[in-house]
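Chemist: Below you'll find the structure I mean.
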Amino acid sequence: MVRQPTPCHLPPDSDGPAPGKAPAAMPGGGMEAVLVVEDEAMVRESVVNQLEALGYTVHTANHGPGAVVVLDSDVTLDLVLTDMVMPRGMTGRDVAEAARRRRPGLPVLFMSGYAEDMIDTPRGNLLLLQKPFRLTELARMVRVALGDPSQS
C-alpha cells in the first residue's frame with residue numbers, strides 16, 4: 001500500500017501559494033530515522049505520512065513514556081520530533097531530557113499548537129515547529145534539526 005501525504009496541518013484557507021506567487025522550494029528529504037512523539041492520533045498519522053513521503057524512516061510513540069521505551073531500544077534514531085504538551089506526566093521537554101540522557105547528541109525538534117510564549121521551556125537552542133505547518137516547513141525544520149548546513 002502506498003501512503004499519500006495528508007495535508008491536515010494546512011490552515012483551512014491555505015490551498016497553496018497566493019495567485020502569482022511561486023510555491024516555496026521543498027528542501028530535500030533524507031534517509032534518517034525520526035521518532036515522532038504525538039498524543040493526537042490524527043496529527044501523529046499526518047506527520048508520519050509526511051515524513052515517510054520525504055523518505056524518512058519513522059518510529060512513533062503516543063506519549064512520553066512510550067518515547068522512553070523507543071529511546072531505550074536498539075532502534076537507530078537520528079532525530080526526535082515531539083509535541084510539547086502531552087498526557088501521562090511527560091511534556092515534550094521531559095522527552096527531550098530523556099533523549100539527551102539516553103542518547104547524547106540526538107537532536108530534538110519540538111512542535112506545538114500553543115503560542116510560543118505560552119510554552120514553558122528555555123529558548124536557548126530550542127527548535128520549534130509551530131502547528132499548523134505545511135509540508136515544506138516540516139521538511140525544512142527537520143533538515144535544520146539534523147544539522148543540514150544548506151538550511152541554516
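Chemist: Sort out which residues of region 74-104 are closer than 25 Å to Arg143 by Cβ, at pLDDT 95 or above and in a loop (DSSP other than H, G, I, E, B), and write them in order of number.
Modeler: Answer for region 74-104, where residues must be closer than 25 Å to Arg143 by Cβ, at pLDDT 95 or above and in a loop (DSSP other than H, G, I, E, B): Val75, Thr76, Leu77, Asp78, Arg103, Pro104.
Chemist: Step by step: first the residues of region 113-136, then only those that are at pLDDT 75 or above, touching a strand residue (DSSP E or B) at 6+ places or on another chain (Cβ under 7 Å) and not in a loop (DSSP other than H, G, I, E, B), then the one that is surrounded by the most Cβ atoms within 10 Å (Cβ to Cβ). Which residue is that?
Modeler: Looking at residues that are at pLDDT 75 or above, touching a strand residue (DSSP E or B) at 6+ places or on another chain (Cβ under 7 Å) and not in a loop (DSSP other than H, G, I, E, B), I get Leu129.
Chemist: Then there's this: Can you tell me which residues in region 137-150 are farther than 17 Å from Asp78 by Cα and at pLDDT below 95?
Modeler: Ser150
The values are calculated or read from the model by the stated rules, or taken from the named source; none is laboratory data. Everything quoted here is computed from the prediction, not taken from an experiment. Reconstructed Cβ throughout: ideal geometry from the backbone, glycine too, with neighbour counts over all protein chains shown.
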